[in-house]
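So the structure is just underneath, and the comments pick up after that.
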Amino acid sequence: MQNFSFHNPCRIEFGHGSIAKISTLIPPQARVLLLYGGGSIHRNGVYDQVCSALKSHHWQAFSGIEANPEYETLMQAVRFGREQQLDYILAVGGGSVIDGAKFIAAAIPHTGDCWLIVGNRTPLLSALPIGVVLTLPATGSESNFAAVISRRETNDKTLV
């Protein structure tokens, strides 16, 4: 094996009671966009735990992030986040929700064509902070920079 250095500024809280720590990990003044997929977090109790942890925060939910998140859905979340002046993203789900959160975090403050974010075709000057409640470990999206976004209109599936 070759020598290497690895720096990954990702904080991971694991174990019983970790979701409750959200209340102290997200700044109290943050306006949170709670982002999730199809609703399994309602059935497994995670949604209620997250709501409890966010009780002292201003937050709004956006659901419906599909597997292989679609640009069209993500842009709905971007418009919602801008309208509500949300400035922190909390992704609750698996890799697709997290990938969507990465795009949304970059797109909300972006002033140009958001599709250019995909494929790194435009410089990003800022992005919103992201927190994650991981419900399905699989892709490693919670601790890497990459995201895959699909666009129905052009039939693209591209790395952000």
Inter-residue pairs, beta-carbon under 9 Å, first on the phi < 0 side of the Ramachandran plot and in the range 137-153, second open to solvent by 100 Å² or more (accessible area, probe 1.4 Å), 6+ apart:
GLU142/ILE12; SER143/ILE12; VAL148/LYS157; ILE149/LYS157; SER150/LYS157; ARG151/LYS157
Going by what's in this entry, would ILE26 be described as surrounded by 12 or more Cβ atoms within 10 Å (Cβ to Cβ), more than 20 Å from HIS110 (Cα to Cα) and either within 14 Å of the chain's Cα centre (by Cα) or in contact (Cβ under 8 Å) with a residue 60 or more places away in the chain (or both)?
yes
If we scan the range 81-90, do we find a residue that is without any contact (Cβ under 8 Å) to a residue 40 or more places away in the chain and open to solvent by less than 60 Å² (accessible area, probe 1.4 Å)?
no
Filtered residues of the range 1-59 (kept if at pLDDT 95 or above and β-branched (Val, Ile, Thr)):
ILE19, ILE22, THR24, ILE26, VAL32, ILE41, VAL46, VAL50
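Regarding LEU128, is this residue at pLDDT 95 or above, open to solvent by less than 10 Å² (accessible area, probe 1.4 Å) and not polar (S, T, N, Q)?
no
The values are calculated or read from the model by the stated rules, or taken from the named source; none is laboratory data. Predicted model only: the values in this text are computed from it and were never measured. Neighbour counts run over all protein chains shown; Cβ positions are idealised from the backbone, glycine included. The area values use the complete protein model at the heavy-atom level, side chains included, leaving out ligands, DNA and RNA. Shrake-Rupley method; radii C 1.70, N 1.55, O 1.52, S 1.80 Å.
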